[in-house]
Amino acid sequence: MSLASNGAFVSVGRPQLRGPLLVPPMSLQVAPAFAAAPQSRPDGASPLHASAAAALGAAALVSLGVGVGGRRRKAAGLRASRGVATQQSSMKIVSLVPSLLTTLPRPRARVAAEATAEAEPAAEADAAAKGLAVADEPQPFMSKKTLRLFILFFLWYVLNTAYNIGNKLVLTALPIPWTSATIELFFGLPYVGMLWLTGLRIRPKLSMDNIKTLAPSAFFLAATHVGGVISFGAGAISFTHVLKATEPVWTVLLSAIFFKEFLPVPIYLSLVPIIGGVALASMKELSFTWVSFIAGTLSAVTSASKAILSKKVLDGKPLGENLTPANMFAVLTILGCFMILPASLCIEGPATVSVAWNNARAAGYSAAHLWSLLGVSGFLYYIYNEVAFLALSEVAPVTHAVTNTVKRVVIILASVVVFKTKITLLGSVGSGLAIVGALLYSLAKGKYK
């Protein structure tokens, strides 16, 4: 008969007479895990367990020997009954081995595993409770980033609209657009210079090579500004912004001519409403002048050139250190001011400026009023552009296109209301087509990029 328990088995046979004791011919065979006390076990059991198992096996053997020892029994029936009793005792002792093993100290690895298993449900329940607590907390109406962008775009619209109105008031009093544009560009120097000197804004570090690299972009920025100011002075603000909406047409044309870059057909189709809308608005514009038309168109061309230059030429080149969006605009504005200053002095010299100033004084403007108009216009120009740089640097191209389109609509409506600009129905339709076409172009270009 054999009985397995935790890797050990016992075979029991008939008792034999050996010496003065009656020792059964039992071979108590213990598996390697119980017969010896190895230094380590694969399952993480300690040597104590193995030693205990071996001791229990030896105790069983002694108990069997003592239990069946004594003097010889003459009767065969007595020997047989004694053998049965011995067999039953052996079975009881062996059956106690598993229960005795459970009372011994458990391996540390196993204890840790069991503790971890018991702790996991508690940890999961705790995490679930925390998750519910967070979910129950009231969420803010909008994130900090969204709120910041909302404030930036709101300021951009308000400041840009205020600048357009202020600039038109300056040009109405002083019809010297070159001088006015130069003064507005110059206002960036004392403003940002004060921020750099006081440490309120980190100063950019530029080498001469960096300045040479940025010079073309500065020139196109200044030319775009001068063209817009000339167009404002010679015509209506609304018409100038319709002309500026043609920038996508010139971007596509210049890219094809100078960089051999051709775009998908849907992008070209989006240019049709721009061209048709500008043509319709120009024919029905009551304040149409060729000076305003040419200057506004040149402003769109130079703006497209600046965008292409930034993308094709400046991308990837070292431009200097600490050139944040605000510092980049500051550097381009200062460089642009010095670039157009000679042209401004040649076209509108001191004599021309003096005549315009005297005429304004004769019309009832005080010197303080004129200087305040120039100062406010210059300050608004710089601030609205800096805010625009900050806002547009954090949004995707599609958002840029949509917000720029809405900005033009807001400025056109505000200028019509403030200056009581008369506009025909067909002129309104043409202006709307041009602006919607500019939006469609930006969306199509974003999709097929």
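The values are calculated or read from the model by the stated rules, or taken from the named source; none is laboratory data. Just so it is clear, the model here is predicted, and its values are computed rather than measured. Note: areas computed on protein heavy atoms with side chains; ligands, DNA, RNA excluded. Shrake-Rupley method; radii C 1.70, N 1.55, O 1.52, S 1.80 Å.
So here's what we get for this one:
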quantity: Sequence of 226, 409 when ordered by accessible area, the most exposed leading, probe 1.4 angstrom; calculated: 409, 226
quantity: Interatomic Cα distance distribution for the range 280-356, bins of 5 angstrom, percent; calculated: 3, 11, 11, 18, 17, 13, 13, 9, 4, 1
quantity: Most to least accessible of 247, 386 (protein chains only, probe 1.4 Å); calculated: 247, 386
quantity: Subset of 205/260; 306/407; 168/445 violating a 31 Å alpha-carbon distance limit; calculated: 205/260; 168/445
quantity: Enclosed volume per residue, in Å³, of the convex hull spanned by Cα atoms of the range 300-449; calculated: 175
quantity: Three-way shape call for the range 229-278 based on the alpha-carbon gyration tensor, with the a/c threshold at 1.5; calculated: oblate
quantity: The range 196-271 shape via C-alpha gyration tensor axes, a/c threshold 1.5; calculated: oblate
quantity: Sequence of 153, 389 from largest to smallest accessible area, 1.4 Å probe; calculated: 389, 153
quantity: Rounded if a/c under 1.5, otherwise prolate or oblate - the range 259-306, Cα gyration tensor axes; calculated: oblate
